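Got a structure for you, written out below as structure tokens; questions coming shortly.
The values are calculated or read from the model by the stated rules, or taken from the named source; none is laboratory data. Since the model is a prediction, treat every value here as computed from it, not as a measurement. Glycine also receives a Cβ, built like all others from the backbone with ideal geometry; neighbour counts cover every protein chain displayed. Note: accessible area is taken over every heavy atom of the protein model, side chains too, but ligands, DNA and RNA are not part of it. Shrake-Rupley method; radii C 1.70, N 1.55, O 1.52, S 1.80 Å.
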Amino acid sequence: MIDTSNPPILASAGDIDSKVKRVDLDRWLSSRYAPAAYRRDLMALYAFNHELERALTVSEPTLARIRLQWWRDALEEMLGGQPVRRHDVALVLAAVVMRRQGVAERMLQLIEDYEEAADAGLAAPTAKTGGQLAEAAGRVLADGSLSDDETTLLRRAGGAYSAAKAGLVDAVNFAELKGLRVRAETMPAVAHAILAKRYLENKTIGNLTRRRLVFATILNGRF
């Protein structure tokens, strides 16, 4: 059991939602089509991912590793029932760890994938981190239960999105993404992947276009 006794007064769920909207608009838009009870946990997950992304922006891989290790330690302390660290994102993340089966393991793996990116000197997320994050979000929406096929689909869509946004042309296979079907419950985890091709082609995406494409993907259940 995670120890959340005597928690500090930090950001509210609404604050975290606003932060994700500001720093990760595409995933935020997709999350609007998830049931309200799940949306809060998705916001915690995406805020956590943003903290890991920030680690890649430091000048030295060693410094990035230190930041990423801080989050690894924080997660392992949660899993060990220790008090949650005094950090806005850590506090909301602790609730996800308690509520959502199998998500903590994906979070730890996500840290490892970011460590790999940091060691390679990369300054942006990769297809691997994007796929891992999409699976974690899918597990939130599916209450931890995903088939092997569903896991593969989520990873493929999430990986294509992150790679395209980072300009990693060789890591994106649009032929595999086109027509890909994802079940309605987990589509809010990856609907934004429909924007991948536009990012790779350096096309400007207006807010109305962004919303229209994400909505159409949710409605159709495929890319």
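What pairs can you find where one residue is in region 95-123 and within 22 Å of R39 (Cβ to Cβ), the other is among the hydrophobic types (A, V, I, L, M, F, W, C) and outside any helix (DSSP H, G or I), and their Cβ atoms are less than 7 Å apart, with a gap of 6+ or different chains?
V97/I2; M98/I2
Considering Q82, Q69, Q109, which residue is at pLDDT 90 or above and touching a strand residue (DSSP E or B) at 6+ places or on another chain (Cβ under 7 Å)?
Q82
Any idea which of (1) modelled with pLDDT of 95 or more; (2) more than 15 Å from the chain's Cα centre (by Cα) is the one F174 doesn't satisfy?
Failing condition for F174: (1).
One line per residue, one yes/no per condition, for (1) in contact (Cβ under 8 Å) with a residue 24 or more places away in the chain; (2) crowded, with 23+ Cβ neighbours inside 10 Å; (3) within 16 Å of L25 (Cβ to Cβ):
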site	(1), (2), (3)
G138	yes, yes, no
E150	yes, no, no
A157	yes, yes, no
V169	yes, no, no
G179	yes, no, no
H192	yes, yes, yes
K197	yes, no, no
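Residue by residue, here is whether (1) in a loop (DSSP other than H, G, I, E, B); (2) modelled with pLDDT under 95; (3) of a type in the set (F, W, Y) holds:
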| position | (1), (2), (3) |
| --- | --- |
| T152 | no, yes, no |
| A160 | no, yes, no |
| D170 | no, yes, no |
| G179 | yes, yes, no |
| R183 | yes, yes, no |
| H192 | no, no, no |
| T204 | yes, yes, no |
| T209 | no, no, no |
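Let me ask something else about it. Might you let me know whether region 92-102 holds any residue that is more than 17 Å from V140 (Cα to Cα) and not in a helix (DSSP H, G or I)?
no
Looking at region 75-94, which of its residues are open to solvent by 40 Å² or more (accessible area, probe 1.4 Å), under 25 Å from A37 (Cβ atoms) and in contact with a helix residue (DSSP H, G or I) (Cβ under 8 Å, 6 or more places away or on another chain)?
L79, H87, D88
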